[in-house]
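K.L.:
Shown below is the structure under consideration.
Bear in mind these aren't lab numbers, they're just calculated from the coordinates by the rules spelled out. What you see is a predicted model, and the numbers here were worked out from it, not measured in a lab.
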Amino acid sequence: MNYFKKELISNALRLPNGKAVRFERVGDDTGLLATEDEGLIEELKKVMARKVGGVTEIALEEFEEIKKNPPARPSRLRSLDARSVLKLLRKPNIPSADVAPVSEPLVEPSTLVTVSSLKKLRATRAAEPAV
């Protein structure tokens with residue numbers, strides 16, 4: 001009997017031969033599989049050699065320990081699922097009320113900004129009294 005553990009069983013595992021593998025869910029997103037099927041064991045070892053799918057072979061003791069004490073995903077990871085990240089990225093950037101809007105631009109948008117024009121602007125701003 002061979003024992004396998006898969007992380008993130010929410011991501012389905014397809015073997016190189018096209019067959020889908022079903023792991024027994026333990027904990028939040030960990031799966032276990034015990035099998036004597038030599039064909040399946042060979043295919044799983046190919047997957048592990050390619051380092052894809054999050055599959056590892058484990059000993060019987062570890063298999064039983066995981067079944068007794070299933071791993072729980074840390075709560076901070078639950079809050080960072082893909083949908084919550086997308087919501088954060090889509091949230092509009094609304095300025096706070098204590099920030100005064102810019103009444104006039106420093107330079108007209110159509111003005112070509114050169115080093116000499118920046119020096120003139122600095123000189124003009126320095127000559128103005130501070131508010």
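K.L.:
Given the convex hull over the Cα atoms of region 2-74, what projected area results after averaging over all orientations, in nm²?
P.N.:
The orientation-averaged projected area of the Cα hull of region 2-74 comes to 4.6 nm².
K.L.:
Given H placed on each backbone N at 1.01 Å, which residues far from Val21 in sequence or on other chains put an amide H within less than 5 Å of it?
P.N.:
Counting only residues 5 or more places away or on other chains, the set is Leu13, Leu15.
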